[in-house]
Structure formats: C-alpha cells, structure tokens
Amino acid sequence: GQVVLQYALADGSPAEGRFPFNPNGSLSDVAGICDSTGQVMGLMPHPERASAPDLGSIDGRVFWDSLLSLVTA
C-alpha cells in the first residue's frame, strides 16, 4: 500500500493539528504520501527551503542527502 508521513510531536505522538508541530493544519497531520511503488511522492514540508546556510537552515539537507544515497548506491 501507500506510505503516509505524518507530523508528530518530539515524542512521536500525533501532532493533532497543533501548530507549530503541524505547521499547515493538514487533516490527519499528513505531511507526505508515497504510492506503493515508491516512485510517486507528494511532500508538504519544503526541504529545499532549508538546504543552505544562506536560506537560514540546513535541516532539509538530510532529506536530499538520503535521496542522493539511494540513486548512487
């Protein structure tokens, strides 16, 4: 089946729509979804907006680095 990524609190419990843990108020705390093939993905957080120091954060680099490791493996 599909994979659903959800916003959560630091302890892993559901964000239940609470800001800032669910920053966009998405239903069921959905942050992303991927089909069963793993080739089609929708992602609400924007890691590209946090991928360089001059953008204010490099937290999004974890996402891009993990994708890069999959295609270069």
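Would you tally the residues in the stretch 31-44 being open to solvent by 50 Å² or more (accessible area, probe 1.4 Å) and under 12 Å from the mean Cα position of the chain (by Cα)?
Selection size over the stretch 31-44: 4.
For the stretch 51-72, which residues satisfy the criterion of being over 12 Å from the mean Cα position of the chain (by Cα), surrounded by 10 or more Cβ atoms within 10 Å (Cβ to Cβ) and not hydroxyl-bearing (Ser, Thr, Tyr)?
Answer for the stretch 51-72, where residues must be over 12 Å from the mean Cα position of the chain (by Cα), surrounded by 10 or more Cβ atoms within 10 Å (Cβ to Cβ) and not hydroxyl-bearing (Ser, Thr, Tyr): Ala52, Leu55, Ile58, Asp65, Leu67, Leu68.
Determine whether the stretch 50-58 contains at least one residue that is among the aliphatic types (A, V, I, L, M), more than 22 Å from Gly1 (Cβ to Cβ) and touching a strand residue (DSSP E or B) at 6+ places or on another chain (Cβ under 6 Å).
Yes, the stretch 50-58 contains a residue that is among the aliphatic types (A, V, I, L, M), more than 22 Å from Gly1 (Cβ to Cβ) and touching a strand residue (DSSP E or B) at 6+ places or on another chain (Cβ under 6 Å).
Being under 14 Å from the mean Cα position of the chain (by Cα) and open to solvent by 60 Å² or more (accessible area, probe 1.4 Å) is the filter here; which residues of the stretch 1-19 pass it?
Matches in the stretch 1-19: Val3, Val4, Leu5, Gln6.
Would it be correct to say that Val3 is in contact with a Cys (Cβ under 9 Å, 6 or more places away or on another chain), modelled with pLDDT under 90 and of a type in the set (A, V, I, L, M, F, W, C)?
Yes, satisfied.
The values are calculated or read from the model by the stated rules, or taken from the named source; none is laboratory data. This is a predicted model, so every value here is computed, not measured. So basically every Cβ, Gly included, is an ideal-geometry build from the backbone, and we count neighbours across all protein chains shown. Ligands, DNA and RNA are excluded from the accessible area calculation, which covers all protein heavy atoms including side chains. Shrake-Rupley method; radii C 1.70, N 1.55, O 1.52, S 1.80 Å.
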